[in-house]
Amino acid sequence: MMQRGVNVLALVKDSERYVFLYDEESAATLLRTLGKYASDRELSFSWYDAAVLSQKIRRLARENQEQAGALGEMDR
């Protein structure tokens, strides 16, 4: 049985803290949220921040898939 994990992604900018909790199923929603935050002029969250965090989300998803594949091969 595979456990569902919660990923934590955090960014600290000046006095603002952005902390995102998400699972694999909600990664696409989080990517859209990063874009919304980047377009909000009242936040210090920039398009650069969104790009960097998006890369981390995608990298973590790839690593999780590779790890799941390796575990699946071990079960055979």
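The values are calculated or read from the model by the stated rules, or taken from the named source; none is laboratory data. The model shown is predicted, which means the values in this text are computed figures rather than measured ones. Every residue, glycine as well, gets a Cβ built from its backbone with ideal geometry; the counts of neighbours run over all protein chains shown. For accessibility, only protein heavy atoms count, side chains too; no ligands or nucleic acids. Shrake-Rupley method; radii C 1.70, N 1.55, O 1.52, S 1.80 Å.
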Query - Sum of -39500 (n - 2.57) over DSSP H runs of 4+, divided by residues of the chain (222 nm, nearest 500) - result: -19000 deg cm²/dmol
Report summary line: Taking only protein heavy atoms and a 1.4 Å probe, the highest-to-lowest accessible-area order of Asp14, Asp40, Asp49 is Asp14, Asp40, Asp49
Report summary line: Nearest-0.05 FRET efficiency for Ala70 and Glu16 at R0 = 30 Å, using Cβ-Cβ distance, is 0.20
Query raised in the report: Once label points are set 7 Å from the Cα along Cα→Cβ at both Arg58 and Leu43, what is their separation, rounded to one decimal in nm?
Result: 2.0
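Can you give the accessible area per residue of the range 1-68, in Å², using a 1.4 Å probe?
78
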Query raised in the report: How large is the Kirkwood hydrodynamic radius of the chain, in angstrom, based on all distinct alpha carbon pairs?
Result: 13.8
